[in-house]
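Reading through the structure tokens given below for one structure.
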Amino acid sequence: MSSNIRVTKICEHCQEPFEAKTTVTRYCSHTCNRRAYKKRKREEKLKQAAKQTQVQKTVRLPGPDVDLGVLHQKAFLNVGEAALLIGISRRTLYRLLESGTLPKRKLGTRTIIRRADIDELMK
């Protein structure tokens with residue numbers, strides 16, 4: 001069963017008038033449909049990237065606002081705290097630990113470093 005309906009519409013992508021055969025047609029051609037789809041997907045990806053960036057901004061990472069005085073008082077530090085105290089990256093600190101330049105202690109899977117060993121390394 002076919003319909004003889006002809007509806008004049010405006011393409012949502014190119015804004016050109018066209019004659020649609022159904023009432024739900026949104027685009028004048030398959031090309032406009034593809035281009036609109038790609039544009040919509042591109043915008044979704046940009047929104048998702050912006051949302052991810054916003055989430056990462058809200059996660060509090062240790063940085064310059066961390067009170068180093070508290071780290072100076074601790075007898076044992078984890079890898080992140082020790083790297084922050086020394087002023088190097090975590091990867092560089094792991095290299096020092098693997099080479100034996102800086103002694104480490106293991107508590108299960110957790111690696112801790114004595115504050116005294118860091119002071120000795122800095123002398």
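Structure notes:
- All conditions in (1) at pLDDT 90 or above; (2) in a loop (DSSP other than H, G, I, E, B); (3) not aromatic (Phe, Trp, Tyr) hold for residue 48, with the sole exception of (2).
- Tally, over segment 100-110, of residues that are surrounded by fewer than 16 Cβ atoms within 10 Å (Cβ to Cβ) and either under 11 Å from residue 77 (Cα atoms) or modelled with pLDDT of 95 or more (or both): 2
The values are calculated or read from the model by the stated rules, or taken from the named source; none is laboratory data. If you're wondering where the values come from, they're calculated on a predicted model, not measured in any experiment. Don't worry about glycine lacking a Cβ; one is built from the backbone with ideal geometry, like all the others, and counts go over all protein chains shown.
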